[in-house]
Structures are given as structure tokens and as C-alpha cells.
Amino acid sequence: MPFTSLSAGLRGLRGPPLVAAITSICSAGFLLFGYDQGVMSGVVISPSWLDAMGNPSDLEIGTITALYDVGAVAGAILAAFTGEPLGRKRTLLFGALLVAAGGLAMGLAAARGEFMAARVVVGVGIGLTTSVTPVYQSEISAHAQRGWQVCCQLTTMLVGLLMAYCINYWFYFHPGEAQWRVPLVLQCIFAAYILVVAPFLPDTPRWLIRHSDAPGRGLAVLARLRGKTETDREVQKEVIEIIGALKAESKAQGSWGDLFRSNGVSADKRFYLALGIQFMQQASGINIITYFAPLLFQNALGMTQQDALFLGCFTQLWYVLASFVTWYTIDRVGRRKLFITMALGMGVVLIGEAVATASGTRTGAIAAVVFLFLFEACFTWGWMACVWIYPPEILPLKIRAKGSALAAAADFVGNWVVVEVTPVGIAKMGWRFYLIWAAFNLINAVIVWLFYPETGGLKLESVDDVFTKEIVGDSVDTNVLHRLQWSRVRIAAEAVRQSNTAAAVRGEEQGLLDETSNSESE
């Protein structure tokens with residue numbers, strides 16, 4: 001009876017409650033992502049785990065940790081195959097099932113080989129979920145709310161990180177196998193939430209319109225998401241725009257080859273942008289902090305294991321709190337400005353981190369911790385949610401699932417490289433290691449300024465217009481610096497200005513209508 005009530009309740013949702021329910025399962029997918037990243041920070045310094053794994057070296061610890069990313073790359077590539085035929089929802093369910101199975105196997109592992117195999121399985125599941133959830137979310141959200149709703153997912157990811165650090169700290173006081181086995185198994189609870197709730201929620205209207213034998217299913221789901229009737233003018237208009245985008249991309253069949261062909265909408269260049277932005281996220285060096293903060297506090301700052309874990313909890317709490325700022329800025333400031341300013345900020349902060357660590361003094365150690373907190377703030381404000389929403393926004397509909405999945409794979413490849421080299425880099429290079437990542441951040445800022453168009457404030461179907469519009473006559477920019485940029489950057493900026501102006505006009509008109517209605521009722 002309770003299960004029947006749950007089914008009926010979820011299937012009857014409309015409007016914001018339905019969007020919130022889908023956002024919750026997408027966020028749970030990212031919570032798993034964050035939890036599994038954070039939980040290893042306590043596992044790798046647990047004496048019981050080290051003994052069970054045969055006391056691996058720093059390089060071997062890096063490899064065991066990085067196997068997760070190998071699996072995640074495979075999972076992201078697998079999502080490129082499943083995202084279209086299975087749909088967004090069923091791909092998410094498949095990923096959650098693998099995470100649950102792999103998490104349980106890691107917690108029960110008796111030897112290094114078993115643990116490593118289970119770590120790969122969890123990685124595959126995470127690759128599937130993180131590849132499909134941004135697409136799922138972006139395709140069900142209204143364009144004005146798309147940014148902050150994806151921010152919900154990334155904030156939840158940070159909550160997962162925080163939970164992992166706090167759980168690690170709690171179990172620090174319980175030496176023995178439970179110190180690492182229980183934290184690893186707990187992630188199965190979050191996977192179970194997806195497995196229970198998702199089956200009763202719809203797939204995206206865009207996927208249904210393209211794939212369903214009954215075209216009206218997509219219209220019906222869109223009406224439910226917007227909380228309106230199927231005959232509503234705005235709902236009908238949005239469906240027409242989706243169908244129009246499919247026709248504009250008619251040269252493409254959504255095949256693998258279409259990722260590398262223009263097909264009249266610069267699909268290939270947009271795919272390269274998606275790959276690039278996610279790889280550059282890892283080039284920022286964020287996972288030096290995410291995976292190895294306690295290890296960093298112990299080796300570089302001379303803290304005890306207990307103090308390192310405790311401070312690690314506070315870094316993640318700050319991470320979560322800072323992420324709420326992005327809920328406000330992502331749709332108001334835009335993706336592009338946040339990318340550029342925060343990349344510059346991270347570069348400066350990492351230079352400060354290097355100087356503070358190199359000093360070898362207590363004051364320098366305190367400053368180094370402060371710089372870690374500043375780095376996390378800059379990252380979450382510019383290079384967390386913005387990076388995960390950009391590929392679904394920039395890619396055409398027919399290659400969105402494949403392109404977003406491969407972009408996520410690029411992220412995980414970068415993640416794997418960082419996790420693999422960090423233990424050795426910190427041990428061998430010390431403070432100089434941070435300067436490498438500072439340089440990468442400055443390069444990232446320049447690349448984004450040159451090549452990355454703004455997508456915030458535009459409907460998904462309107463992004464195609466940015467890549468089909470021709471530049472003629474006096475529309476050519478005479479500014480020398482602007483001429484260094486790709487022309488689509490300037491076209492997108494103008495499209496966003498026009499969209500914002502139109503939204504403001506609609507708001508004023510609605511305000512006048514409301515005032516008139518109120519006057520008449522009085």
C-alpha cells in the first residue's frame with residue numbers, strides 16, 4: 001500500500017513539484033559523485049585499510065584511488081551509447097544500480113584486487129549518472145531557471161563530500177575495519193533513493209518528442225512540467241521550437257560521425273567546446289583538494305591524522321556554503337564571466353598557496369590553509385556548476401547525449417591524471433607543484449575569453465541560432481581585442497542581450513496586466 005501511494009503521488013505531480021522531484025533524483029546522482037570522491041580521503045589514511053590492502057605505496061594508493069576515474073571514463077562513454085536509445089531516466093537508473101552494487105562490494109572487499117574491481121564498478125556507475133543528469137535537468141527546466149537548478153545538483157555533490165568527510169572523522173574514533181567499510185557501504189542508501197523514485201517520473205519532453213511513437217507524450221510531459229494545459233500558448237510554442245530545432249539539425253542523424261561534422265549548425269565545434277571546458281575543469285587542480293586534503297594537511301602542514309580529518313570537514317562545509325552564491329550568480333552574471341574571473345582568481349590563489357607552503361613557518365601553514373579555502377570558493381563560484389551545465393546547453397539536441405557523455409569522460413580523464421600524479425607531485429615537488437596548476441588556470445581564462453560563447457539566458461533551441469547567424473556589414477566588430485575572439489562569442493553576447501531585453505519587456509507587460517486585474521477586482 002505505501003508503495004502504491006508513492007507511485008500514485010509521483011505520477012500525479014505537476015509544475016514546480018514535478019521539476020523538484022526530477023531535480024532531487026538528478027541531485028542524488030551528483031551526491032553519489034561527491035560522496036565517493038570524499039570518502040576515499042579518509043579510507044586511504046586508515047591503518048586498517050592500509051593493512052588490508054597490503055600497505056600500498058603512495059603511487060599505488062594513487063592508482064587505487066584513480067581506478068574510480070578509469071571506471072567513470074568507461075561509464076561516461078557507455079552513457080553516450082545509452083543516453084539516446086534508453087533515454088535520460090533509464091540511463092540514470094542503470095548508473096545508480098551499478099553504484100549500489102559496487103559500493104557494497106567495496107565495503108565487503110577482503111583483498112586489494114576485490115577492492116580495485118569494485119572501485120571500477122562504482123566509477124562506471126558514477127560515469128553514467130553524472131553524464132546523463134545534467135542533460136536530464138537542462139531538458140526539463142525552463143531557460144530562466146536552468147542554471148540554478150543545475151546548481152542544486154552541484155551543491156548536493158558538495159553535501160556528499162561534506163558527509164563523507166564528517167563520516168570519516170566520526171569513524172576515526174572507531175579503529176578497525178568498520179573505520180573504512182561502513183563509510184563505503186553507506187553510499188548505497190543514496191543510490192537506493194534513485195532506484196525507488198525515478199521509475200515513476202517522466203523522461204524529458206525533448207527525448208520523447210524525438211523518440212516516442214506517440215508524439216503527444218512529449219507535449220503532455222512538457223505541459224505537466226510547466227504546470228499548464230496542453231493547449232496553452234507557451235507550451236505549444238515550446239514544442240514548435242523543439243520540433244524546429246530537430247528540423248534545423250535534419251542533416252544529422254545523431255550518429256558518432258555527426259560529432260565531427262558541422263551539419264549546418266557548427267556541431268563539431270560545439271562538441272570540441274564541450275570537451276574542452278570539462279577537461280579544463282580538472283586542469284584547475286581542484287581534485288588536489290577534493291581527494292587529498294587530509295593527506296595534504298598531514299604531509300605539507302605537519303598535522304596529525306585526527307586534525308587533518310577534522311580540518312577536512314571544515315573545508316567541505318565551507319565548500320557547501322560557498323556554492324549557494326552560484327545559485328544567484330549563474331543566471332544573472334552568466335557562465336562566461338564566471339569562468340574567466342574565477343580562473344584568474346584560482347591562479348592567483350595557487351601562487352599564494354605555493355609561497356605560503358614554501359615559507360615553512362607556522363604563519364605560512366596557517367596562510368596555506370586560508371588559501372585552500374579561497375581556492376574552493378573560486379572554484380565553486382566559477383568552475384563547478386557552470387562546467388556541468390555548459391555541454392548540454394552548447395550542444396545540438398541530436399548529439400546532446402553523446403556529446404555530453406564524452407565531455408564528462410574528458411572530465412574524468414583529467415580527474416584521473418590529477419589523482420594519479422598528485423601524491424607523487426606533492427612528495428617530490430612540494431610547493432612548486434602548485435605553480436603548475438596556477439599556470440593552467442591562467443591559460444584556461446584566456447581560452448574561455450577567446451573561444452567560449454555565453455549560453456546563459458538562452459533557450460536550448462536558441463543556441464542553434466548563434467551558430468547559424470551570418471556576420472555581415474557593420475556587424476563586424478572593429479575592436480582589435482574583440483577581433484581576436486571567435487565571432488560566435490560576440491554573436492552570443494548580442495543574443496543574450498536581446499533575450500534579457502525581451503524578458504524585461506514581458507515582465508513589465510505582466511506587471512501592467514496584474515495591476516489592471518487588481519484594479520478591476522477592487
For segment 1-131 the mean separation of alpha carbon contacts under 8 Å (6+ apart) over residue count, i.e. relative contact order in percent, is 32 percent
Placing each pseudo-label 7 Å from Cα in the direction of the beta carbon, residue 237 and residue 213 end up separated by a distance in nanometres of 3.5 nm
Per residue, accessible area of the chain with a 1.4 Å probe, heavy atoms of protein chains only, in Å², comes to 40 Å²
The correct ranking of 224, 119, 210 by accessible area at 1.4 Å, largest first, is 210, 224, 119
What helix-only [θ] at 222 nm does the chain give? Using -39500 (n - 2.57) per DSSP H run of at least 4, over all residues, to the nearest 500, the answer is -27000 deg cm²/dmol
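State the volume of the convex hull built on the alpha-carbon positions of segment 341-490, expressed per residue in Å³ and rounded to an integer.
123 Å³
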The local net charge around residue 108, scoring Lys/Arg +1 and Asp/Glu -1 for residues other than residue 108 whose Cβ lies under 12 Å from its Cβ, equals -1
Restricting to Cα pairs under 8 Å and 6 or more apart, the percent relative contact order of segment 133-216 works out to 30 percent
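What is the sum of charges around residue 83, taking Lys and Arg as +1, Asp and Glu as -1, for the other residues whose C-beta is under 9 Å from the C-beta of residue 83?
Details: positive: 88, 400, 402; negative: 84.
Residues close to residue 83 contribute a combined charge of +2.
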Heavy-atom accessible area of residue 193, protein chains in place, probe 1.4 angstrom, given in Å² to nearest 10, is 100 Å²
A correct Stokes-Einstein calculation for segment 172-233, using the alpha-carbon Kirkwood radius, 25 °C and 0.890 mPa s, returns a whole-number D in µm² s⁻¹ of 163 µm²/s
In the chain the accessible area split gives carbon plus sulfur, as whole percent at 1.4 Å, a share of 66 percent
Counting Lys and Arg as +1 and Asp and Glu as -1 over every other residue whose Cβ sits under 15 Å from the Cβ of residue 224, the net charge comes to +1
Trypsin sites (Lys or Arg not before Pro) in segment 2-97 lying in a DSSP loop, each with at most 13 other Cβ atoms within 10 Å of its Cβ, come to 14
Relative contact order in percent for the chain (Cα pairs under 8 Å, 6+ apart) equals 21 percent
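How would segment 9-59 be classified by its alpha-carbon gyration tensor: rounded, prolate or oblate, with rounded meaning a/c under 1.5 and the a/b versus b/c comparison settling the rest?
It is prolate, given that a/c is not under 1.5 and a/b is the larger ratio.
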Whole-number value, in Å³ per residue, for the convex hull of the alpha carbons of segment 64-121 is 61 Å³
Dipole check, segment 15-147, charges on Cβ (K,R +1; D,E -1), about Cα centroid: among 19, 45, 108 the Cα furthest to the positive pole belongs to 19
Stokes-Einstein, Kirkwood over Cα pairs, segment 1-98, 10 °C, 1.306 mPa s; D in µm²/s equals 96 µm²/s
Taking every C-alpha to C-alpha distance in segment 69-220 and binning by 5 Å from 0, the per-bin percentages run 2, 9, 15, 19, 20, 14, 9, 6, 4, 2, 1, 0
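The values are calculated or read from the model by the stated rules, or taken from the named source; none is laboratory data. In this text, all values refer to a predicted model and were calculated from it rather than measured experimentally. Heads up, the Cβs are rebuilt from the backbone with ideal geometry, glycines too, and the neighbour counts pull from every protein chain shown. The protein model used for the area step is the full one, side chains on, heavy atoms only, and it has no ligands, DNA or RNA in it. Shrake-Rupley method; radii C 1.70, N 1.55, O 1.52, S 1.80 Å.
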